[in-house]
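Trainee: Right, I'll just put the structure down here and ask away after.
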Amino acid sequence: MGELEIRDLTKVFHDDGGDIVAVDDLDIEIEDGELIVLVGPSGCGKSTTLRCVAGLESPTDGDIVLDGTAVTDQKPKERDMAMVFQSYALYPHMSSRENMEFGLKMATDLPKDEIRSRVEETAEMLGISELLDKKPDELSGGQQQRVALGRAIVREPEVFLMDEPLSNLDAKLRTQMRTELQALQQDLGVTTLYVTHDQTEAMTMSDRIAVLNDGELQQFGTPLECYHEPENEFVAGFIGSPSMNFFDVELDTTGDRPALVHEGFRYDLEEDVYADIEGHGERFTLGIRPEDIELATADEPNAVTTTVEVTEPLGEVTYVYLEIGDRQYTATLEGDLVIETGRTLTIRFPQDRIHVFDGQTGEALRNRSRPDDEVVESLPGFQSSDSVEAGME
Amino acid sequence: MATSTDPEDRNLSQRIDAWLDEDMSPRRAIGVYLVLGLYFAFLLLPVVYMVLASFTSQSFLFSPELVPALGDLTLANYETVLSRGDFRTYFYNSMIVATSTTLLVLTVGILAGYSMSRFDYPGRGGLLYAFLSTQMLPIVLILIPFYILMFSLNLVDSLLGIVIAHSVIGIPLGTWLLKGYIDDIPESLDEAAKMDGCSHLSVLRRVIVPLAMPGIAVAGFYTFILSWNDYLLVSVLSQTAGTRTLPFGLQLFQSQNAVAWNLLITAAVITMAPVILLFAVAQRWVVEGLASGGMKGN
């Protein structure tokens with residue numbers, strides 16, 4: 001079992017310049033075997049949270065609970081957790097084998113033979129058997145990474161803690177290790193708390209994401225929930241690349257239909273959208289993801305006429321940077337569209353794809369509708385789980 | 001089939017090319033080595049002459065020849081010097097004092113350096129500067145109050161008193177040096193060790209000390225030499241022959257009217273030998289440098 005609970009965790013650092021609240025009343029419950037990613041910009045408190053869970057920092061307030069027992073006051077070695085560090089932190093004076101054996105020697109009473117065979121099994125699983133007698137400085141970055149992982153895995157802990165373990169690898173290796181790490185975690189079924197600032201890692205690896213900012217939990221949900229139904233403007237802007245476009249708008253109810261007015265356009269609202277935002281003041285932020293922006297004709301309702309500033313053709317898609325009201329916004333258009341810089345482009349924001357946030361609090365008042373399971377199942381080539389089973393019989 | 005990259009298979013000029021830096025022309029290399037050779041000859045010739053002279057007689061020393069013939073070499077000087085009981089006592093005293101001082105300084109220095117590097121506590125900064133400030137005053141300045149203090153502690157004319165006196169000088173610098181080395185060891189290694197089940201002391205023993213070996217070797221070597229070579233403090237604290245150390249041994253071979261140069265030189269060689277031996281042993285760690293292969297991104 002590895003049910004981990006972070007209860008009302010607060011960590012305040014005392015500095016000459018005053019107190020710094022690194023983690024503010026954080027509450028997260030992690031089920032056994034889940035891979036949870038803590039994600040957020042630098043200084044958001046994600047690493048501090050991980051270190052509090054590991055026992056390397058003592059929380060100012062709150063509890064860390066593992067399988068129903070508070071471990072807050074226990075030393076790191078008593079917590080049955082293993083950590084993979086950003087810098088790998090392999091002991092330079094020990095061979096890979098000694099690095100992997102070290103934790104078992106220090107923390108358990110296992111006989112030497114048992115330790116040896118466990119290290120060798122783990123090394124084989126990770127494909128590093130031939131590296132066991134080498135010292136860390138004889139290994140490449142990727143190999144060091146694997147040894148560091150091996151050192152954590154061989155302990156067979158209840159919880160893995162990973163502090164940006166892939167950030168020192170080159171892009172290609174990072175993608176490869178990401179998949180391997182995910183597969184490994186699923187095979188081992190060990191509860192994992194994973195810290196990263198890379199939202200691609202967060203989206204692709206996690207069962208659930210905890211998005212943090214300024215020490216506060218912004219949202220805790222599955223990757224797609226965070227993407228499609230962000231709870232606030234911060235999450236909406238942080239998850240997704242290129243990030244969501246935001247327009248500062250004011251509500252105008254004087255015309256025939258209520259509308260959101262931006263300096264570059266007027267956006268008439270349908271009733272259901274208006275119902276969601278009614279009574280929340282006059283100032284809002286209209287959000288739309290780049291890939292949800294569609295090309296339109298000038299006479300369509302809510303069409304916005306813009307100027308193309310820069311295009312970035314990536315082949316599969318083209319990022320088009322548009323100027324609307326003196327600010328730059330991004331649209332992701334099909335890759336085979338050739339759009340010259342400086343030309344005028346008319347676009348529209350489909351009403352079922354927009355997000356509206358409270359202009360004061362940033363809280364999401366309206367999110368785009370989620371992709372429908374039924375729509376997916378009706379796609380040609382898609383087989384539901386029932387039909388797969390039927391096919392196998 | 002062997003290729004030209006096999007070291008066995010390369011001819012001499014290729015090997016010299018590989019040995020020389022690619023950017024360095026042979027002419028430049030010869031120039032650099034010539035200058036270095038002259039420099040070291042200047043430094044080492046007197047030492048070499050001293051060692052040679054210790055194997056010759058007094059009469060040879062005053063002859064116009066510089067290099068003795070093989071037949072002129074003798075071990076008689078060593079026999080004479082080492083057969084003197086007082087010289088042997090001084091030698092043992094020096095060994096005891098220098099070794100004990102080194103062990104004491106390293107023990108205190110490692111613990112203090114680790115604590116100053118890793119823990120934050122009130123007065124830590126002040127303590128560091130206090131340590132540094134002890135190096136700013138010449139020893140002579142504190143000699144009399146120090147003597148009075150040692151006298152009141154009943155430590156005058158004892159080897160323990162000399163060890164403490166040498167440690168007083170050695171500990172501040174040793175601690176500074178070791179703190180600097182330990183600062184360079186990434187803290188994530190301490191944390192990894194704690195996650196692996198180590199206490200503070202076992203982190204120190206199993207991770208910090210092995211990695212700080214170059215620093216420990218330098219601090220130990222420095223302390224040993226400091227204690228081994230000290231004349232001033234011993235001259236004040238030692239009152240009888242039983243507590244004198246080797247620098248005093250050199251005095252045994254000169255009187256008011258005559259100096260037994262061959263014996264003096266031999267005693268000097270014997271005095272020098274342990275330090276050179278110690279360096280030969282410690283050099284491996286000093287040169288090795290801090291291995292940092294296991295760390296990325298720091």
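Trainee: Divide by every residue of chain A the summed helix terms, -39500 (n - 2.57) for each DSSP H run of at least 4, and state the resulting mean residue ellipticity at 222 nm, rounded to the nearest 500 deg cm²/dmol.
Mentor: Value at 222 nm, helices only, nearest 500: -8000 deg cm²/dmol.
Trainee: Let me ask something else about it. Which value in nm describes the separation of the simple spin-label points at residue A:282 and residue A:60, placed 7 Å from the Cα toward the beta carbon?
Mentor: 3.9
Trainee: Using a Gaussian network model of chain A with C-alpha springs under 10 Å, which one of A:71, A:320, A:338 is most mobile by mean-square fluctuation?
Mentor: Fluctuation is largest for A:338.
Trainee: Sticking with this one: Let a ≥ b ≥ c be the square roots of the eigenvalues of the Cα gyration tensor of the range A:69-117; is it rounded (a/c under 1.5), or, if not, prolate (a/b larger than b/c) or oblate?
Mentor: Here the range A:69-117 falls in the oblate category.
Trainee: Same structure, new question: Cut-off 14 Å, label point 7 angstrom out along Cα-to-Cβ of residue A:346: give me the residues of the range A:269-309 whose amide nitrogen falls inside.
Mentor: The answer is A:294-307.
Trainee: Antiparallel DSSP bridges in the protein assembly as shown: what percent, to the nearest 5? Mind dumping the intermediate values first?
Mentor: Numbers: 62 of 80 bridges.
Taking every DSSP beta bridge within the protein assembly as shown, about 80 percent pair in antiparallel fashion.
Trainee: How big is the antiparallel share of DSSP beta bridges in chain A, given as a percent to the nearest 5?
Mentor: About 75 percent, rounded to the nearest 5.
Trainee: Still on this structure: Tell me, what is the percent relative contact order of chain A, built from C-alpha pairs under 8 Å that lie six or more residues apart?
Mentor: 14
Trainee: Relative contact order for chain B using alpha-carbon pairs under 8 Å, separation at least 6, rounded to a whole percent?
Mentor: For chain B, the relative contact order is 27 percent.
Trainee: Still on this model: Where is the GNM fluctuation largest for chain B (alpha-carbon springs, 10 angstrom cutoff): B:256, B:283, B:58?
Mentor: B:256
Trainee: I would also like to ask the following. Roughly how many nanometres apart are two label points built 7 Å out from the Cα toward the Cβ at residue B:132 and residue B:25?
Mentor: 4.6
Trainee: Once fully extended, how much extra length lies between residue A:256 and residue A:73, figured as 0.36 nm per residue of separation less the alpha-carbon to alpha-carbon distance?
Mentor: Contour length minus the Cα-Cα distance gives 59.6 nm.
Trainee: Taking only the C-alpha atoms, wrap a convex hull around the range A:243-372 and report its volume per residue in Å³ as a whole number.
Mentor: Cα-based convex hull of the range A:243-372, divided per residue, equals 115 Å³.
Trainee: Also, I was wondering about something else. As an exercise, use a Förster radius of 51 Å and the Cβ-Cβ distance of residue B:151 and residue A:109 to find the FRET efficiency, rounded to the nearest 0.05.
Mentor: Computed FRET efficiency for residue B:151 and residue A:109: 0.40.
Trainee: Also, quick follow-up: Rounded, prolate or oblate, given the Cα gyration tensor of chain B, with a/c below 1.5 counting as rounded?
Mentor: It comes out oblate by the Cα gyration axes.
Trainee: Mind giving me the nanometre distance, one decimal, between the label points for residue A:268 and residue A:328, set 7 Å out from Cα along Cα→Cβ?
Mentor: Using points 7 Å along Cα→Cβ, the separation is 3.4 nm.
Trainee: Counting DSSP beta bridges in the range A:4-233, what percent are antiparallel, to the nearest 5?
Mentor: Details: 21 of 39 bridges.
So the antiparallel bridges amount to about 55 percent of the total.
Trainee: For chain B, what is the mean residue ellipticity at 222 nm derived from helices alone (per DSSP H run of n ≥ 4: -39500 (n - 2.57); sum divided by total residues; nearest 500 deg cm²/dmol)?
Mentor: -21500 deg cm²/dmol
Trainee: Next up: Rounded, prolate or oblate: which fits the protein assembly as shown, taking a ≥ b ≥ c as square roots of the Cα gyration tensor eigenvalues, rounded meaning a/c under 1.5, else prolate when a/b beats b/c?
Mentor: Working: a/c = 2.68, a/b = 2.35, b/c = 1.14.
Taking the square roots of the gyration eigenvalues as a ≥ b ≥ c, the protein assembly as shown is prolate.
Trainee: Sticking with this one: Within the range B:191-215, name every residue whose backbone N is under 11 Å away from a label modeled 7 Å from Cα of residue B:119 along the Cβ vector.
Mentor: B:200-201
Trainee: Could you list the chymotrypsin sites (Phe, Trp or Tyr not before Pro) in the range B:71-121 that lie in coil according to DSSP, counting only those with at most 15 other Cβ atoms within 10 Å of their Cβ?
Mentor: B:119
Taken together, the values in this text are just the output of simple stated rules run on the coordinates, not laboratory data. Since the structure is predicted, the reported quantities are computational estimates derived from the model, not experimental observations. With ideal geometry, Cβ positions are generated from the backbone for all residues, glycine too; neighbour counts draw on all protein chains shown.
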